[in-house]
Amino acid sequence: MDEDRELGYDIPDTDGKPPEILSEDASPEAEAAGNTERPDGQEEAGVPVWQAEGGQNMVRNPISQPGYGPVPRPEYRRTPHAQQYGQMGDQAYSRPRKQSNMALASLVMGIIGIVTSCCCYGGLIFGCLGILFALLSKVDDTMEGYAKGGLATSIIALVLALLVFVLLVALSIPYLLIGGEY
Amino acid sequence: MKTSASELKKRAKLSLSGHYGTVVGAMVIAYAAILVVVLVAVGVLVANSFSRIMTDSPYDSRGFWSSMAAAVVIYLIALLLVYLFLAGIRRMLYNLSTGKTCELGDMLFAFTHRPHRFLGIYLIHFFVSLLLGIPYVVVSTAAAITGYIPIMLILQILMYILQLAGIIVYSLYFGLTVIILTENPEKKVLACFRESAAIMRGNKGRFFYLELSFIGMMLLGIGSFGIGYLWIFPYMETTIIHFYLDLKAEQWREAPYYQEEPEYENDYDREFDDAPLGDPA
């Protein structure tokens, strides 16, 4: 658990006791007494999973997020394959986030897109890549700061590239009207 | 409750996080390989043309067709190679989706694990899409012969829509075939097709919606002149692999003969853990 804290996870301090019961079906008396065993009398060392009366296993997401809360996962612990896939899901959710690189790439692409928007292909290519990276970096309900900046700069780059394109077309119309001759 | 498309995408992003370098590197290698083979094909064509110009028979049609045939053959070989590389990349993504490690060497997975089965699936997909395109080609040819009269133009558009609809329906049934073979290369080609059709029963709408939700990203890939596909392809494939794993877990759960097994192993370990040291009991 200390290692998890070092990795930046929001883990409640329980003074060596197992984490609190998250199931809504758990009895309030047991919570008051600090009894954190599973209702069926079993306990599973190291895995904060409890089975509620309705048959749902509840687990606290190690990364505290407003939208996540307790994650019901009844299906993943029943069959070998499903259990493996469920454990995979837990690993994925508990993995330290490395999205900031992608968000940073989005910001860099957006800035390069603005700079190169005078030649409309540059703005188009880097703007599209910036938006793409910003979308790929969004794993939570909210977007990271870098990603927000990258999205904004990439949209600006695309708009600038569009304006440059329109300007070029508008400037070339008189030339086209006279048949390409000065 | 069925897993939503956004949840599957979130899982795909989490699986890929921190591994984009390896996956995109593998994509670059695959595209570089096809580029080299295509350049060789173009080189054969150009070299043959120059040799004909330099000799006394510049208008010899036999030489042109032979070089064209060689270029087409090299191009087809390149396509098959790329398909095998992409199957290997799919294996990398499958490993990531199931929480395993992925290495660049996984790119060669399809080369070392029954490549003929991967090629068999690819060729079946290829011939089905050719068959579905026949009405459009026939109507297009007829339109060209008749000088593109309005009725033929309308028919041409209708045939194109028909071809698209056919490809979509086909992919709704057999879209998971390659992933099934990637998961277990010991399965036979037709068994993969059967399993894909069985697993997609009742889930075609979800799959269609999932595929449709990638249109925005595909447009971004087109806007970036194809560069974005280096990231979009792994993301899409990982999402579809998560869709497959989710369906599989769901079908295990709903199996009528299923009974939950007690966890004997944990109880056994716990007995020994709880026993005091030095106690013979």
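Every read-out reported here was derived from the displayed coordinates using simple, explicitly stated rules and does not represent laboratory data. Everything quoted here is computed from the prediction, not taken from an experiment. Methodologically, a virtual Cβ is constructed for each residue, glycine included, from the backbone with ideal geometry; neighbour enumeration extends over all protein chains shown.
Determine the shielding of peptide B:94-105 by partner chains: average, over its residues, the number of Cβ atoms on other chains within 10 angstrom of each Cβ.
Working: counts 0, 0, 2, 4, 6, 9, 2, 0, 0, 0, 0, 0.
Per residue, the number of nearby Cβ atoms from other chains is 2 on average.
Ordering B:H113, B:H242 from the fewest to the most neighbouring beta carbons within 10 Å gives B:H113, B:H242.
Of all lysines in the structure, those lying under 28 Å Cα to Cα from B:K188, and not within fewer than 8 positions of it along the same chain, are B:K100, B:K204, B:K248. Counting, for every residue in B:6-17, the Cβ atoms of other protein chains within 10 Å of its Cβ and taking the mean gives 5. Packing around the peptides A:148-160, B:35-47, B:76-88, taken as the average count of other Cβ atoms within 10 Å per residue, puts them in this order, highest first: A:148-160, B:76-88, B:35-47. In this structure the amide hydrogen of B:L176, modeled in the peptide plane, comes within under 5 Å of no amide hydrogen from residues 5 or more places off or on another chain.
Overall size of chain B from C-alpha positions, given as principal axis extents largest first: 100, 47, 36 Å. 3J(HN,Hα) couplings calculated from phi for segment B:159-174 with the Karplus curve 6.51 cos²θ - 1.76 cosθ + 1.60 (θ = phi - 60°) are, in sequence order, 5, 5, 5, 4, 4, 4, 4, x, 5, 5, 4, 4, 5, 5, 7, 10 Hz; Gly and Pro show x.
I need B:C192, A:C120 ordered by Cβ neighbour count within 10 Å, fewest first.
Details: B:C192 25, A:C120 19.
Listed from fewest to most nearby Cβ atoms, that is A:C120, B:C192.
Averaged over the residues of peptide B:120-127, the number of Cβ atoms from other protein chains lying within 10 Å of each residue's Cβ is 0. Taking θ as phi - 60° and the Karplus parameters 6.51, -1.76 and 1.60, the scalar couplings of segment B:91-98 work out to 5, 4, 5, 5, 4, 5, 5, 9 Hz in sequence order, x denoting glycine and proline.
Under the rule that an exposed site lies in a DSSP loop and has at most 16 other Cβ atoms within 10 Å, name the longest stretch of chain B with no GluC sites (Glu not before Pro) of that kind, not counting the sites themselves.
Here the longest segment lacking exposed loop sites spans B:1-102.
Backbone phi angles across segment B:71-83, fed through the Karplus curve with coefficients 6.51, -1.76 and 1.60 (θ = phi - 60°), yield HN-Hα couplings of 5, 5, 4, 4, 5, 5, 4, 4, 4, 5, 4, 5, 4 Hz in residue order; Gly and Pro are listed as x. Residues A:M102, B:M27, arranged from fewest to most other Cβ atoms within 10 angstrom of their Cβ, appear as B:M27, A:M102.
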